[in-house]
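Trainee: Structure below; questions to follow.
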Amino acid sequence: MSDRKTTEADVAYNALKQAEPGLPASWYYDPAHHAREMKSLWRRNWLYVCRSDALAKPLSYRTFECGDQNLVIVRASDGSLNAFHNACRHRGSLLCTEPCGELSSKLLVCPYHQWSYSAEDGRLVRTTSFAEPDGFSKADYPLFPAACAEWRGCVFINLDETARFKAEDVFNRSAESFKNFPLETLVTGHTWSTVIGCNWKTFWENFNECLHCPNVHPELVELVPLFTRRIIHPKDVPDWPQTEGSTDPKYRGGMRPGGETWSSDGKAQGHVMASLSAEDLERGHIYCSVWPNVFIGGFPDHVRIVSMRPLGPEETELTAEWLFEPATLSAGDYDMANVVEFGKLVMEQDARACELNQRGLHAAPLEHGVLMPEEYILHRFHTWVREGIAGS
């Protein structure tokens, strides 16, 4: 037993003080456990769907599939958003079969037997039977609702219709640092999707640590010197007080000298958002996240929203959206590919690492992994997963 005294530096040290067991390895590939997570975590938490401008027009709609659940989100004529299970109350047929579109009227009409529902409130308006049988009332068969919310130009849904969106409770990693970003008025310049051969938790774990960064992301660590030290925050090492106050980005964080943003050459091309503070610009990159399906990255010239959707126990769809100020996109001197290609490169590198991780989890003797000191955010994530399953 050590007699080492606890110092002030120990208290401020971010990292785990002892090794912690990871989640059971079978939780990353077992179909039965995957089904439990879909019910206990994905059906009970807020899920990012799209940007509000994707549903800008009255009666525009978008479908969203999560596991075996299919939802439709509709912009009502008064501008509000409604979310419903995309299932007819007659015999269960899908109502909207396209991923997005605009309704021709204020009705959602079943393509099977033409039952019609109000897109404003989901009530059943008419059936196609010659007569309604005794004991049948249209009022008893509205569409099943889901909760829907808009936050700063982003659309979220929750399959629990009683859920209420409160940003201070919803974000696992606070969105307060985005207060200077004009999120509401940014527009989508590029969208990219890919399918990764890994469990959704594998991707989140990779995102929340940088032990892998020097080996997996050589271009990124050249841009963000702190990452060469395999950490994400200066206080992730026990001797951090020795370099506190250093102006070297390897110790204080931020971009390399001359680096401005996450792009192939590190340049923002003269299009930094005017609303950002000097501190925002010095950081160079900030993040917020909502488990289980989205994180948002903020950079001096753009914002990147990365959302995920499980396609099965060992397959995850990843979608990235790059957002810019309208004036930046219309500027003739701004090359969007400079930003997009760098972001894709980093995510593709992450994808390959996650797939290697996923394959190894099947080792028969492996019961669970172990978390090292720098993986304290993974420990928080694992606690969130365990508590969510236990509370279901």
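The values are calculated or read from the model by the stated rules, or taken from the named source; none is laboratory data. Just so you know, these numbers come straight off a predicted model, no measurement behind them. Cβ placement follows ideal geometry from the backbone for every residue including glycine, while neighbour counts extend to all protein chains displayed. Just so you know, the surface numbers come from the protein's heavy atoms only, side chains and all, with ligands and any DNA or RNA stripped out. Shrake-Rupley method; radii C 1.70, N 1.55, O 1.52, S 1.80 Å.
Trainee: Take the alpha carbon atoms of the range 127-243, find their radius of gyration, then divide it by 2.2 N^0.38 Å using N residues; give the quotient.
Mentor: Dividing the Cα Rg of the range 127-243 by 2.2 N^0.38 Å gives 1.76.
Trainee: Would the range 52-132 count as rounded, prolate or oblate if I go by the C-alpha gyration tensor, calling it rounded below 1.5 in a/c and otherwise prolate when a/b exceeds b/c, oblate otherwise?
Mentor: Because a/c hits 1.5 or more and a/b fails to exceed b/c, the range 52-132 counts as oblate.
Trainee: Out of the total accessible area of the chain (probe 1.4 Å, heavy atoms of protein only), what percent is carbon and sulfur?
Mentor: Whole-percent figure for carbon plus sulfur exposure: 50.
Trainee: Also: Search the structure for amide H atoms under 5 Å from the amide H of LEU311, placed 1.01 Å from N in the peptide plane, and list their residues when 5 or more places away or on another chain.
Mentor: THR316, GLU317
Trainee: Now, a different point. Considering the convex hull of the alpha carbon atoms of the range 281-357, report its projected area averaged over all viewing directions, in nm², one decimal.
Mentor: Mean projected area of the Cα convex hull: 6.2 nm².
Trainee: Would you mind giving the three semi-axes, in whole Å and largest first, of the ellipsoid equivalent to the range 168-212 according to its Cα gyration tensor?
Mentor: 25, 18, 11
Trainee: Sort SER116, SER137 by heavy-atom solvent-accessible area, probe 1.4 angstrom, most to least.
Mentor: Solvent-accessible surface, decreasing: SER137, SER116.
Trainee: Still on this model: Just to be sure I understand: if I project the alpha-carbon convex hull of the chain onto a plane and average over all orientations, what area do I get in nm²?
Mentor: The number I arrive at for the chain is 23.4 nm².
Trainee: Here's a follow-up. Among HIS113, HIS34, what's the order by accessible area (1.4 angstrom probe), most exposed first?
Mentor: HIS113, HIS34
Trainee: Compute the distance in nm between two label points, each set 7 Å from the Cα along the Cα-to-Cβ direction, one at ARG44 and one at GLN69.
Mentor: Result: 1.1 nm between the two label points.
Trainee: Quickly estimate the mean residue ellipticity at 222 nm for the chain, helices only: each DSSP H run with n ≥ 4 gives -39500 (n - 2.57), and the total goes over all residues, rounded to 500.
Mentor: Roughly -6000 deg cm²/dmol at 222 nm, from the helical runs in the chain.
Trainee: Between helix 337-360 and the chain, what is the angle of the helix's C-alpha long axis to the longest principal axis, kept within 0 to 90° and rounded to the nearest 10?
Mentor: 90 degrees
Trainee: Let me ask something else. Ranked from the most accessible area to the least, with a 1.4 Å probe and all protein chains present, what is the order of LEU107, LEU47?
Mentor: Sorted by accessible area, descending: LEU107, LEU47.
Trainee: Before anything else, pin down the relative contact order of the range 1-155: Cα pairs under 8 Å, at least 6 apart, normalised by residue count, whole percent.
Mentor: Across the range 1-155, relative contact order equals 18 percent.
Trainee: Can you give the accessible area of THR97 in Å² (nearest 10), computed on protein heavy atoms with a 1.4 Å probe?
Mentor: In the full protein context, THR97 sits at about 100 Å².
Trainee: While we're here: Work out the charge dipole of the chain with +1 on the Cβ of Lys and Arg and -1 on the Cβ of Asp and Glu about the Cα centre, then indicate which of SER177, HIS90, ASN208 is farthest towards its positive end.
Mentor: HIS90
Trainee: Residue by residue through the range 322-332, what is 3J(HN,Hα) from phi via Karplus (6.51 cos²θ - 1.76 cosθ + 1.60, θ = phi - 60°)? Round to whole Hz and write x for glycine and proline.
Mentor: 9, 10, 9, 5, x, 5, 5, 5, 8, 6, x
Trainee: Please identify the cysteines of the chain that lack any partner cysteine with a Cβ under 4.7 Å from their own Cβ.
Mentor: Isolated Cys, the chain: CYS50, CYS66, CYS96, CYS100, CYS148, CYS154, CYS288.
Trainee: Apply the Karplus parameterisation 6.51 cos²θ - 1.76 cosθ + 1.60, with θ equal to phi minus 60°, to every residue of the range 371-383 and state each ³J(HN,Hα) to the nearest whole Hz, in sequence, with x for glycine and proline.
Mentor: 9, 8, x, 6, 9, 5, 6, 4, 5, 4, 5, 4, 5
Trainee: Along the three principal axes, how long is the range 1-117 when you take its alpha carbons, biggest first, rounded to the nearest angstrom?
Mentor: Projected onto its principal axes, the Cα set of the range 1-117 covers 75, 34, 17 Å.
Trainee: For the range 75-195, compute Rh as the Kirkwood radius over C-alpha pairs and then the Stokes-Einstein diffusion coefficient at 20 °C and 1.002 mPa s; write the answer in µm²/s, rounded to an integer.
Mentor: Result for D is 125 µm²/s.
Trainee: Name the long-range amide H neighbours of CYS154: under 5 Å, sequence gap of 5 or more, or other chain; modelled H, no Pro or chain starts.
Mentor: SER52
Trainee: Something else now. If ligands, DNA and RNA are left out, what is the accessible area of THR194 with a 1.4 Å probe, given in Å² to the nearest 10?
Mentor: 40 Å²
Trainee: Please report the equivalent ellipsoid semi-axes of the range 236-392, computed as sqrt(5 x eigenvalue) of the Cα gyration tensor, largest first, in whole Å.
Mentor: Computed over the range 236-392, the values are 32, 22, 15 Å.
Trainee: I would also like to ask the following. For a quick check of understanding: with a 1.4 angstrom probe and all protein chains in place, what accessible area in square angstrom does TYR334 have, to the nearest ten?
Mentor: 20 Å²
Trainee: Could you state, as a whole-number percent, how many of the C-alpha pairs of the range 197-264 are farther apart than 13 Å?
Mentor: In whole percent, the share of Cα-Cα pairs in the range 197-264 beyond 13 Å is 66.
Trainee: Hey, another quick one. Please calculate how many Å² of accessible area the chain carries per residue, with a 1.4 Å probe and no DNA, RNA or ligand atoms counted.
Mentor: Averaged over the residues of the chain, the accessible area is 47 Å².
Trainee: Within a Cβ distance under 15 Å of VAL294, other residues only, what is the Lys/Arg minus Asp/Glu net charge?
Mentor: Result for the local shell: +3.
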